[in-house]
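The values are calculated or read from the model by the stated rules, or taken from the named source; none is laboratory data. If you're wondering where the values come from, they're calculated on a predicted model, not measured in any experiment. Glycine gets a Cβ as well: all are built from the backbone with ideal geometry, and neighbour counts include every protein chain shown.
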Amino acid sequence: MRFWIWIGRFEWGLASIGAGLCLLAMMLMTVISVFGRYVLGMDLIPGAYNMIERILFPLIVFWALPLAHREGTFPKLEMLSYALPERLRLSVSALVLLVEVVVFAVLLFYVSQFAWNSYLDGRRAQIGTGYWQLYPVLAMVPLAFGLMWLEMVRLFVRDCVGLVRGPGGAGPAL
């Protein structure tokens, strides 16, 4: 139980603090760049568009995904099953979650492999006139998918336990 509370706080921190700071940086960079370009006639932040496009925006997305999935704002495939009886609903939900767990496990494997190979190859992005290492940004992708996979496994176990206990079964919530 304590583990899931810690994971939830970690996801909240990534989404609210990490993604929030990235959004603030995007807004400031955009305002400064537009002011410099149209008022002063010069580029105050060289490569601002590339920084936003290749670093800040992906960080916002991948830091917010796990929390969006946990809170139910991420699209789920079992939305229509809530009209079914509880046992059938749990069966459909468990089946859909099993498919999601398998798909995300494969996706997590390949995303992690890509991030690791990018680190080994020294993958870089051009920002302004220089090149920046991309491994800090690419490391966030498997982290986000891993957190989402953990949540799917938790929900799958919850539905399986609900099926075993039967309708209205008592016990601790997962």
Problem set entry | Pair list, Cβ < 7 Å and 6+ apart or interchain, from segment 138-156 residues that are closer than 14 Å to residue 1 by Cα and of a type outside the set (D, E, K, R) to residues that are at pLDDT below 90 and not in a helix (DSSP H, G or I) | none
For this session: Report whether or not residue 102 is surrounded by 14 or more Cβ atoms within 10 Å (Cβ to Cβ), of a type in the set (Val, Ile, Thr) and more than 25 Å from residue 47 (Cα to Cα).
Result: no
Exercise. Is there a residue in segment 29-44 that is assigned to a helix (DSSP H, G or I), more than 15 Å from the chain's Cα centre (by Cα) and under 25 Å from residue 158 (Cβ atoms)?
Worked result: no
Exercise. If you go through segment 1-20, how many residues are without any contact (Cβ under 8 Å) to a residue 12 or more places away in the chain, of a type in the set (Val, Ile, Thr) and farther than 22 Å from residue 57 by Cα?
Worked result: 1
Exercise. For segment 109-138, how many residues meet the condition of being over 28 Å from residue 149 (Cα atoms) and either of a type in the set (Phe, Trp, Tyr) or at pLDDT 90 or above (or both)?
Worked result: 2
Problem set entry | Filter result for the condition that a residue is of a type in the set (Ser, Thr, Tyr) and modelled with pLDDT of 80 or more, over 91, 81 | 91
Seminar exercise, completed: Contact list, first residue from segment 89-107 and over 13 Å from residue 161 (Cβ atoms), second anywhere and part of a helix (DSSP H, G or I) and not hydrophobic (A, V, I, L, M, F, W, C), beta-carbon distance below 6 Å, six or more apart or interchain, is 89/81; 92/81
Exercise. Only one of 37, 89 is touching a helix residue (DSSP H, G or I) at 6+ places or on another chain (Cβ under 6 Å) and among the basic types (Lys, Arg); which?
Worked result: 89
Exercise. Out of all the residues in segment 58-71, is one or more modelled with pLDDT under 85, surrounded by fewer than 14 Cβ atoms within 10 Å (Cβ to Cβ) and under 28 Å from the mean Cα position of the chain (by Cα)?
Worked result: yes
